[in-house]
1. I'd like the Karplus ³J(HN,Hα) series for region 2-16: coefficients 6.51, -1.76, 1.60, θ = phi - 60°, whole numbers in Hz, and an x wherever there's a Gly or Pro.
2. From the Cα trace of region 2-78, what convex hull volume per residue do you get, rounded to a whole Å³?
3. List the pair-distance distribution P(r) of region 1-45, using every Cα-Cα distance, as the percent of pairs falling in each 5 Å bin from 0 up to the bin containing the longest distance, rounded to whole percents.
4. Tell me, what HN-Hα J-couplings in whole Hz come from the Karplus equation 6.51 cos²θ - 1.76 cosθ + 1.60 at θ = phi - 60° for each residue of region 220-232, using x for Gly and Pro?
5. At 7 Å along the Cα-to-beta-carbon direction for both ARG82 and ALA51, put a label point, then send me their distance in nm to one decimal.
6. Only counting other Cβ atoms within 10 Å, I'd like TYR178, TYR23 sorted with the fewest neighbours first.
7. Pop a pseudo-label 7 angstrom from the Cα along the beta-carbon direction at both GLU234 and ASP8 and give the gap in nm to one decimal.
8. List the aspartates and glutamates whose alpha-carbon lies under 15 Å from that of LYS176, not counting same-chain residues fewer than 8 positions away?
Amino acid sequence: MTVVIAPDLAGAFAQFTAQGLLYEPAILLSLLALYVWAPLIRRISYGAGVAFILVMVVVIVLVLQLGLRMLLPGQLPESLLRNALLAVMVSGTLLAYLNWRHLRLSPSLAESRLMALQARIRPHFLFNTLNSVLGLIREDPKRAEAMLENLADLFRAVMADSRALVPFSQELELAKAYVAIEEIRFGTRLRVHWSCDVAPADALVPPLLLQPLVENAVLHGVAPLEAGAQISVEAYEDDHSLVIFVHNPVPGDTKTSEGNRIALDNIRERLALHFDVEARLKVDVVNGEFVVSVRIPIKRGRAT
């Protein structure tokens, strides 16, 4: 606005400095007041909160204007009414945009994206599991029946609402059920070391978080090796966060390891949709092992 109004660049700089003296303190004080009053605003209705914010901004603007008029008499040509109306218009427009974005844009995009990510991981998981069952039906019907019972439990978890968070204990049982199925197929080639006894069982996590990590470890760290291998799963609480580590050996074929990226990117994006920047997923290769680490802020309560 100052560049458009000013006759030249030198005048624009001088006018920008003067305008900054008028507007920037009001903006900073409004942000500080919103931070201080945030607990109160959360407890009242949305309409009352909007009214409170608009009144607060107008009061801050008027108090600052009156103070500047006392310090700089005759140097502020703008009227108090004009500045009050400008504050209401700018604040009201911003609040309306944020409300529209929150109610109509963000949730729908997040929910649709979660459903798409969940739908992408389901067929891959179910296809591999069904193949394992089919391979045993003729050779060992009893073991195939036990595998189908585990598969029924997995079906229930896989078909759950992708927007809901589930207890970590449920995710751990799902991953163990998956390993039980794969142990029938791989036999002694698959060895899993679980170190999750101290993990917070009631910590809420996205569904199908741990199982795809274990599946990747089996498919890319155990299946390519004739002698098989051991994978390890570790989980514990650290600084109010749930920390998960999944280790598997790195085979000689690097192309196989690159197949991990699809599932890992899927999990990383779902973590971002649920927890924003508070959760993170890292991948490292340490001493010949492929290590996936996940850190999630602990939220306790009912599945949501």
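Coordinate-derived values only; no laboratory data. Being a predicted model, the structure only gives us computed values, none of them experimental. So basically every Cβ, Gly included, is an ideal-geometry build from the backbone, and we count neighbours across all protein chains shown.
1. 5, 5, 5, 7, 5, x, 8, 5, 4, x, 5, 5, 5, 6, 5
2. Details: hull volume 8.5 nm³, N = 77.
Enclosed volume per residue, from the Cα hull, is 111 Å³.
3. Taking every Cα pair in region 1-45, the percentages come to 5, 21, 16, 13, 11, 10, 9, 8, 6, 2.
4. 9, x, 10, 4, x, 9, 4, 7, x, 6, 9, 10, 10
5. 3.0
6. Values: TYR178 25, TYR23 16.
If I rank by nearby Cβ atoms, fewest first, I get TYR23, TYR178.
7. Each label point is offset 7 Å from its Cα along the Cβ direction, giving 6.9 nm.
8. Correct list for LYS176: GLU149, ASP153, ASP197, GLU215, GLU234.
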